[in-house]
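Visitor: Before I ask anything, let me first share the structure, which is written out below as structure tokens.
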Amino acid sequence: MSVKIEESWAKVLSAEFEKDYFKQLIEFVKEEYKNQTVYPKGQDIFRAFDACPFDSVKVVILGQDPYHGPGQANGLCFSVHEGVPFPPSLVNIFKEIKNDIGRDIPPHGSLDRWAKQGVLLLNATLTVRAHQAGSHQKKGWEMFTDSVIGHLGASRKDVVYFLWGSYAQKKAAMVSPTDNLVLKSPHPSPLSAYRGFFGENQFSKANEYLASKGQEEIEW
């Protein structure tokens, strides 16, 4: 089936798009967009891939659900468009970056600049009903995004994986810790950030690793 997604990802994932679960998932998602308020906008569902081609991926940050408030979700995990107030998790991410590498908190919450540098900002579930966190879980998105991690793990080395919270950390099994850098910590949400997200210095660790592999560091 035809899916509008960046060319390099289209090649890597072509077999996935033909599987029954994916076809059923797309039918479910189409019905939801027809009958419910669903985020992000339809054209932004695969935006994480469009913004960061397969061969460009240096870092993977894994989220769980898109934001479910009006105007927040933009297809990149943890990111919001310019002019949208920072959600609490994003505030904590920026705080930790400031504490870690001294970079001032930016004037907006768009993470497009990260994606352009090779950061794949991937939610495990790519759509959600308005105001209903988790409403599109267990419909097939997780199988799809697992396959994304699986393809990266199988054919790309020297990638940094940020796995925040127990949900994301389950994906570690698909990635070789000897061929990549896997950074685990509690989630940056206000409920858990103080249990070990703050003070881990993961952003400088990621850059040190990339530099050691001859790759350009990320300007966080």
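The values are calculated or read from the model by the stated rules, or taken from the named source; none is laboratory data. For clarity, every value in this text was computed on a predicted model and none was experimentally measured. Cβ atoms come from the backbone with ideal geometry, glycine included; neighbour counts cover every protein chain shown. Accessible surface areas use protein heavy atoms only, side chains included; no ligands, DNA or RNA. Shrake-Rupley method; radii C 1.70, N 1.55, O 1.52, S 1.80 Å.
Visitor: Where a ≥ b ≥ c are the square roots of the eigenvalues of the C-alpha gyration tensor, would you call segment 120-185 rounded, which needs a/c under 1.5, or, failing that, prolate if a/b is larger than b/c, or oblate? Walk me through the intermediate numbers first.
Guide: Details: a/c = 2.67, a/b = 1.87, b/c = 1.43.
Prolate, because a/c is 1.5 or more and a/b exceeds b/c.
Visitor: Within segment 1-110, report the GluC sites (Glu not before Pro) that DSSP leaves as loop and that have at most 15 other Cβ atoms within 10 Å. All intermediate terms of the calculation are to be shown ahead of the outcome.
Guide: Numbers: sites: Glu6, Glu7, Glu16, Glu18, Glu27, Glu31, Glu32, Glu82, Glu96; in loops: Glu6, Glu18, Glu82.
Within segment 1-110, the qualifying GluC sites (Glu not before Pro) (loop, at most 15 other Cβ atoms within 10 Å) are Glu18, Glu82.
Visitor: Find the relative contact order for the chain and round it to a whole percent, using C-alpha pairs within less than 8 Å whose residues are 6+ positions apart.
Guide: Details: 363 pairs, mean separation 49.5, N = 220.
In percent, rounded to a whole number, it is 23.
Visitor: What is the percent carbon and sulfur in the accessible area of segment 1-46, measuring with a 1.4 Å probe over the protein chains and ignoring ligands? Write out the running numbers ahead of the final one.
Guide: Numbers: 1390 of 2830 Å².
Carbon and sulfur: 49 percent of the exposed surface of segment 1-46.
Visitor: Compute the accessible area per residue over the chain, keeping the other protein chains in place, probe 1.4 Å, unit Å². List each step's numbers first, then the result.
Guide: Values: 10240 Å² over 220 residues.
Roughly 47 Å² per residue, with all protein chains present.
Visitor: If the reach is capped at under 26 angstrom between alpha carbons, list the lysines near Lys23, excluding any in the same chain fewer than eight residues apart.
Guide: Here the lysines satisfying the reach criterion relative to Lys23 are Lys4, Lys11, Lys34, Lys41, Lys138, Lys139, Lys170, Lys171.
Visitor: So for the chain, taking the charge dipole from beta-carbon charges (+1 Lys/Arg, -1 Asp/Glu), which of Gly109, Thr37, Ala51 sits furthest toward the positive end?
Guide: Of the options given, the answer is Thr37.
Visitor: Go through segment 73-142 and name the chymotrypsin sites (Phe, Trp or Tyr not before Pro) that are in a DSSP coil and have 15 or fewer other Cβ atoms within 10 Å of their Cβ. Show your work: numbers first, answer last.
Guide: On the way: sites: Phe78, Phe94, Trp114, Trp141; in loops: Phe78.
Answer by residue number: there is no such site.
Visitor: In addition: Take every Cα pair under 8 Å in segment 76-153 that's 6+ residues apart, average their separations, divide by the length, and report that relative contact order as a whole percent. It would help to have the intermediate numbers written out before the result.
Guide: Values: 61 pairs, mean separation 22.4, N = 78.
Computed value for segment 76-153: 29 percent relative contact order.
Visitor: Using a/c under 1.5 as the rounded threshold, could you call the chain rounded, prolate or oblate? The axes a ≥ b ≥ c are square roots of the C-alpha gyration tensor eigenvalues, and prolate needs a/b larger than b/c, oblate otherwise.
Guide: Working: a/c = 1.72, a/b = 1.24, b/c = 1.39.
Since a/c reaches 1.5 but b/c is at least a/b, the shape of the chain is classed as oblate.
Visitor: Continuing with the same structure: Per residue of segment 91-101, what does 6.51 cos²θ - 1.76 cosθ + 1.60 with θ = phi - 60° give for ³J(HN,Hα)? Whole Hz please, x for Gly and Pro, Karplus curve as stated.
Guide: Listing the rounded values in order: 4, 5, 4, 5, 4, 5, 4, 5, 5, 7, 10 Hz.
Visitor: Then there's this: Please list, by residue number, every one of the trypsin sites (Lys or Arg not before Pro) in segment 188-220 that is coil in DSSP and has at most 15 other beta-carbon atoms within 10 Å.
Guide: Details: sites: Arg195, Lys205, Lys213; in loops: Lys213.
Passing both the DSSP loop test and the Cβ count: Lys213.
Visitor: Please get the size of the charge dipole for the chain, origin at its Cα centre, with Cβ charges of +1 on Lys and Arg and -1 on Asp and Glu, quoted in debye to the nearest 20.
Guide: So the magnitude is around 380 debye.
Visitor: Quick one: net charge of Gly118's neighbours, Cβ under 15 Å, K/R +1, D/E -1? Don't skip to the answer; put the middle values down first.
Guide: Numbers: positive: Lys58, Arg113, Lys116, Arg156, Lys157, Lys213; negative: Glu6, Asp50, Asp55, Asp112, Asp158, Glu216, Glu217, Glu219.
Charge balance in the 15 Å sphere: -2.
Visitor: While we're on this one: Net charge near Val182: determine it from the other residues with C-beta under 15 Å of the C-beta of Val182, scoring Lys and Arg +1 and Asp and Glu -1.
Guide: Values: positive: Lys58, Arg156, Lys157, Lys170, Lys171, Lys184, Lys205, Lys213; negative: Asp158, Asp179, Glu200, Glu208.
After counting each charged neighbour, the total is +4.
Visitor: A further question on this structure: Quickly estimate the mean residue ellipticity at 222 nm for the chain, helices only: each DSSP H run with n ≥ 4 gives -39500 (n - 2.57), and the total goes over all residues, rounded to 500. All intermediate terms of the calculation are to be shown ahead of the outcome.
Guide: Numbers: 9 runs with 80 residues, N = 220.
Calculated from helices alone, the mean residue ellipticity at 222 nm is -10000 deg cm²/dmol.
Visitor: While we're here: How big is the charge dipole of segment 153-219 about its Cα centre, in debye rounded to the nearest 20, if each Lys and Arg gets +1 on its Cβ and each Asp and Glu gets -1 on its Cβ?
Guide: On the way: 8 positive and 7 negative charges, 79 e Å.
So the dipole magnitude of segment 153-219 works out to roughly 380 debye.
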